[in-house]
Amino acid sequence: NGYSFYEQCLPNQSLSFGFTASSMHWLSKIPCPIRNHCFHTFAEENDRLAYTNQAKHDFQAFIEHRSNELVKGGILVLSIPSLDDQGIDSMSNYFDQLY
């Protein structure tokens, strides 16, 4: 639909099954320019923290809105970038090579 998934997209208790892939890594806004790279993982600490805080805020909003939309017993499947044991996210290598 034509809404941001960081706001309510559907009426309350109207969604039985939700699925998203390759969308949760987008933020609702850019918290600050990254000065030394093109990807937040390689940013300086203050920039990285701003992106971390924005991501936490956005994910909380996403979950809150989907929980309102889901029917009781509904299913939400998220395929999202994640961190490995060293704290490196699954997309960093691609952006570092591009940069």
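The values are calculated or read from the model by the stated rules, or taken from the named source; none is laboratory data. None of these values were measured; they are calculated from a predicted model. FYI the Cβ positions are ideal-geometry reconstructions off the backbone, even for glycines, and counts take in every protein chain you see. Accessible surface areas use protein heavy atoms only, side chains included; no ligands, DNA or RNA. Shrake-Rupley method; radii C 1.70, N 1.55, O 1.52, S 1.80 Å.
Select from the stretch 1-31 the residues that are surrounded by fewer than 15 Cβ atoms within 10 Å (Cβ to Cβ), within 16 Å of the chain's Cα centre (by Cα) and at negative phi and list them in ascending order.
Our first condition is that a residue be surrounded by fewer than 15 Cβ atoms within 10 Å (Cβ to Cβ); within the stretch 1-31, this holds for 1-4, 7, 11-14, 16-17, 19-23, 25-26, 29-30.
Now drop any that are not within 16 Å of the chain's Cα centre (by Cα), which leaves 3-4, 7, 19-23, 25-26, 29-30.
Listed by number, the residues that qualify are Tyr3, Ser4, Glu7, Phe19, Thr20, Ala21, Ser23, His25, Trp26, Lys29, Ile30.
One line per residue, one yes/no per condition, for (1) part of a helix (DSSP H, G or I); (2) at pLDDT 90 or above; (3) surrounded by 15 or more Cβ atoms within 10 Å (Cβ to Cβ):
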residue	(1), (2), (3)
Gln54	yes, yes, yes
Gln60	yes, yes, no
Glu64	yes, yes, no
Ser67	yes, yes, no
Gly87	no, no, no
Asn93	yes, no, no
Considering only the stretch 34-45, how many residues are open to solvent by 90 Å² or more (accessible area, probe 1.4 Å) and touching a residue at least 12 places away in the same chain (Cβ under 8 Å)?
1
